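Taking it in order: structure first as structure tokens, then the write-up.
The values are calculated or read from the model by the stated rules, or taken from the named source; none is laboratory data. Since we're looking at a predicted model, the values are computed, not measured. Backbone-built Cβ (ideal geometry, glycine too); neighbour counts: all protein chains shown.
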Amino acid sequence: MSETGKDEKIWKELQRQIDDLGLKIKRGMIQDATFIHADPGHANVDIPRGDEAKTRRSRDGTWTKKGNKSYFGYKLHTIEDVDHQLIRRIETTTASLHDDQVDLSRKGEVVYRDRGYFGTNPNGFDATMQRGVRNHPIGIKDRLRNKRISKKRSLGERPYAVIKNVFKSGCVMVTTVVRVRVKMVFTAFSYNLYQLRTLRKQGIV
């Protein structure tokens, strides 16, 4: 599906139908990312991957560290609208790529992002949480701004909760980023159907 581009065509058709339901982007977007785990087997960070990999499980996944915890695999980047929490755009990368290297926003959109994106400028209007740097802690104005942004972007946790806790899709067995990307397209597709059902129950659709 990736080679023929059918996965992208299916995704675009879903977005078209969402727009036809009147669920257009109004108050802004929330961009975030989450780890998608894979089995590293016995491979550690020093073993070659990609075309040089000697084992199936060490093909494309990469190691990264967040806090004191290490992760192996991939990363799902999403951007969803504030009003309906529907995923509108996605990207899949290896786990080691930093969140701020992926910008899914578009011109004219307000994009809410956490501190991980600090220091980078999105295509849309920047609503990124501020963080202190050495010898320059943030002031009360930025703390209050962070609080307002945090309230908006907290809605962005719902898709990942559904994807991982309901669909059990936080771990993959496929071993290339291309195959993981296709799986994530259909995972996000399924989440949107799940969320549309919730919106229908609420009388919004």
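Would region 131-140 turn up any residue that is charged (D, E, K, R), at pLDDT below 95 and over 14 Å from Leu86 (Cα atoms)?
Yes - at least one qualifying residue is present in region 131-140.
Check His98 against each of (1) in contact with a Leu (Cβ under 9 Å, 6 or more places away or on another chain); (2) surrounded by fewer than 21 Cβ atoms within 10 Å (Cβ to Cβ) and name the one condition it does not meet.
The number of the failed condition is (1).
With (1) of a type outside the set (Lys, Arg); (2) surrounded by 16 or more Cβ atoms within 10 Å (Cβ to Cβ); (3) out of contact with any Lys or Arg (no Cβ under 6 Å at 6 or more places or on another chain); (4) modelled with pLDDT of 95 or more as the list, and Gln17 as the residue in question, which single condition is left unmet?
Status for Gln17: all satisfied but (2).
Pull up region 59-100, narrow it to residues that are polar (S, T, N, Q) and touching a His at 6+ places or on another chain (Cβ under 9 Å), then point me to the one that is farthest from Pro159 (Cα to Cα).
Only one residue tops the list, namely Thr64.
Can you report the number of residues in region 158-185 which are under 25 Å from Tyr117 (Cα atoms), surrounded by fewer than 17 Cβ atoms within 10 Å (Cβ to Cβ) and either of a type in the set (Val, Ile, Thr) or free of Cβ contacts under 8 Å to residues at least 12 places away in the same chain (or both)?
Going through region 158-185 one residue at a time, the tally reaches 2.
Is it the case that some residue within region 194-204 is within 22 Å of Ala95 (Cα to Cα) and modelled with pLDDT of 95 or more? Full working, then the answer.
First, pick out the residues of region 194-204 that are within 22 Å of Ala95 (Cα to Cα): none.
No, that holds for no residue.
Search region 48-107 for residues being in a loop (DSSP other than H, G, I, E, B) and among the polar types (S, T, N, Q), and hand back the single one that is modelled with the lowest pLDDT.
Going through the qualifying residues, I end up with Thr55.
Just give me the residues in region 157-187 being outside any helix (DSSP H, G or I) and more than 25 Å from Leu23 (Cβ to Cβ), in sequence order.
Those that are outside any helix (DSSP H, G or I) and more than 25 Å from Leu23 (Cβ to Cβ): Lys168, Gly170, Cys171, Val172, Met173, Val174, Thr175, Thr176.
List the residue pairs whose Cβ atoms are under 8 Å apart, where the first residue sits in region 88-113 and is under 30 Å from Asp20 (Cα atoms), the second is charged (D, E, K, R) and modelled with pLDDT under 95, and the two are 6 or more positions apart or on different chains.
So the pair list comes out as Val110/Arg27; Tyr112/Lys152; Tyr112/Arg153; Arg113/Arg153.
Report whether or not Ser190 is more than 14 Å from the chain's Cα centre (by Cα), at pLDDT 95 or above and farther than 21 Å from Gly22 by Cβ. Talk me through it step by step, then tell me what you get.
Details: more than 14 Å from the chain's Cα centre (by Cα): yes; at pLDDT 95 or above: yes; farther than 21 Å from Gly22 by Cβ: yes.
So Ser190 passes the test.
Which residues, taken from region 145-179, are more than 16 Å from the chain's Cα centre (by Cα), under 30 Å from Gly132 (Cα atoms) and not charged (D, E, K, R)?
Asn146, Ile149, Ser150
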